[in-house]
Amino acid sequence: MEAKNTIWQRLGIHDWFLTGENSSKAKKQLTLTPDDVYNYVIAKFNESIRALSFADRIVFYHEYIISFNAEDYAEFMRNKEGIFGIIINETVKKFYELLKQYRMAGKVVEPSSSKWVFRLVSHPDYARGDIGFIGKLLPGTTKKEENLRVTFIPRQTGIAQTFDVSQDILKGFNYYSEGYYELPYVEDIDASENSGENIGKKKFARFETILPEKQFAGKKVEYLMTDDEIIVSGEDETREESNIFRIPTEWVNTPHLQIRYNKSDGKFYMASFGELTILNENQVAKSDVNLPSWVELPVNSKILLNGIVGVNIFKS
């Protein structure tokens with residue numbers, strides 16, 4: 001039976017991963033740190049600007065697939081729980097800082113997408129210390145004929161190598177629900193906070209959802225949480241107060257969620273009153289409106305209401 005080729009054999013770079021059989025010393029195993037991951041993604045962002053920009057227009061990737069060895073990934077999740085979300089938030093802040101510098105230099109800085117997407121994945125052919133990158137200009141594009149640009153740093157040399165590969169190469173990667181992060185593109189935060197009715201109001205979080213009905217054609221609904229406590233309700237909701245997040249669809253119960261921000265520990269908590277609520281792939285028990293049962297709601301979480309409507313929470 002013919003042995004199955006690895007991803008690196010299909011790319012033609014399998015030899016990079018082989019150490020000599022007669023080698024007298026084993027190479028020291030590298031350990032990835034949060035700082036390594038942060039600096040690596042920033043470097044890929046800068047490389048995308050150099051590769052994609054033209055004339056006075058600054059162009060950059062909006063989706064970043066960062067790949068690790070499976071054990072490295074598991075170690076991050078086990079011993080550094082929550083660190084990926086912090087890295088992503090600080091990374092995007094740095095993106096905006098760099099883009100602001102280009103704008104101040106007279107360049108045209110306009111996004112190609114309304115969001116940033118980060119996918120942290122592993123692959124069985126990666127060794128400890130390996131880290132790879134795949135960048136996409138438009139998140140969610142899946143055209144078969146469209147190639148991807150892949151950058152990989154092998155542990156032996158530490159020298160980055162870049163290739164254009166087919167979309168099919170992604171099939172070998174392991175994807176994790178807790179390794180997916182999606183943030184809206186909101187570069188002009190300072191301007192929005194000083195406009196209209198938002199003056200003087202602190203924003204605790206930003207919520208985003210896509211309506212499933214055909215008549216809305218995937219219209220996105222965004223809500224800024226400016227109250228300590230809010231109610232998430234469906235189309236039957238008649239209240240119009242600022243603490244009501246109305247999602248105009250029959251797939252959301254009225255009310256469906258109650259969300260509060262606890263100033264003492266700086267965390268969000270959620271209670272569910274709807275028929276079905278899934279938080280980061282874990283079902284949340286339904287509670288009585290008059291006696292809420294609270295569960296922690298981490299930033300960058302994905303909430304699924306009645307198996308249809310997805311709601312994302314971002315730090316504002």
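The values are calculated or read from the model by the stated rules, or taken from the named source; none is laboratory data. Since the structure is predicted, the reported quantities are computational estimates derived from the model, not experimental observations. So basically every Cβ, Gly included, is an ideal-geometry build from the backbone, and we count neighbours across all protein chains shown. Ligands, DNA and RNA are excluded from the accessible area calculation, which covers all protein heavy atoms including side chains. Shrake-Rupley method; radii C 1.70, N 1.55, O 1.52, S 1.80 Å.
At a Förster radius of 25 Å, what calculated FRET efficiency corresponds to the Cβ-Cβ distance of TYR180 and ASP35, to the nearest 0.05?
Rounded to the nearest 0.05, the efficiency is 0.65.
Give the Rg/Rh ratio for segment 256-316, taking Rg as the radius of gyration of the Cα atoms and Rh as the Kirkwood radius, to two decimals. Present the calculation step by step, with values, prior to reporting the outcome.
Values: Rg = 11.1 Å, Rh = 11.8 Å.
When Rh is taken as the Kirkwood radius, the ratio is 0.95.
Take the residue pairs LYS115/LYS302; LYS136/LYS302; LYS44/LYS136; LYS202/LYS286; LYS203/LYS263; LYS115/LYS315 and return only those whose Cα atoms are more than 18 Å apart.
LYS136/LYS302; LYS202/LYS286
Whose amide H sits under 5 Å from the amide H of LEU297, counting only residues 5 or more places off or on another chain, with H placed in the peptide plane?
Here the answer is PHE268, TYR269, MET270, since their amide H atoms fall under 5 Å of that of LEU297.
Any idea of HIS62's accessible area? Nearest 10 Å², probe 1.4 Å.
Here the residue's solvent-accessible area equals roughly 0 Å².
If DNA, RNA and ligands are ignored and the probe is 1.4 Å, what is the ranking of ARG50, ARG103, ARG239 by accessible area, most exposed first?
The ranking, largest first, comes out as ARG50, ARG239, ARG103.
For GLU222 and VAL295, calculate 0.36 nm times their separation in residues minus their Cα-Cα distance, and state this gained length in nm to one decimal.
Details: separation 73, 0.36 × 73 = 26.28 nm, distance 2.27 nm.
Roughly 24.0 nm would be gained on extension.
Can you give the extra length, in nm with one decimal, that the chain gains between ASN243 and ASN89 once fully stretched, where that is 0.36 nm per residue apart less the Cα-Cα distance?
Length difference between fully extended and current span is 52.9 nm.
Using a 1.4 angstrom probe with every protein chain in place, what is the largest-first accessible-area order of VAL299, VAL109?
Result of the area sort, largest leading: VAL299, VAL109.
Need one value: the accessible area of TYR181 in square angstrom, 1.4 angstrom probe, rounded to the nearest 10.
Rounded to the nearest 10, the figure is 20 Å².
Calculated FRET efficiency, ASN46 and LYS267, Cβ-Cβ r, R0 35 Å, to nearest 0.05? Provide the component values of the computation, followed by the final result.
Numbers: r = 34 Å, r/R0 = 0.96.
It comes to 0.55.
Once the whole set of protein chains is in place, how much accessible area is left on THR249, using a 1.4 Å probe, in Å² to the nearest 10?
0 Å²
Using only the alpha-carbon atoms, what does segment 218-289 span along each of its principal axes? Please give whole angstrom values in decreasing order.
35, 27, 26
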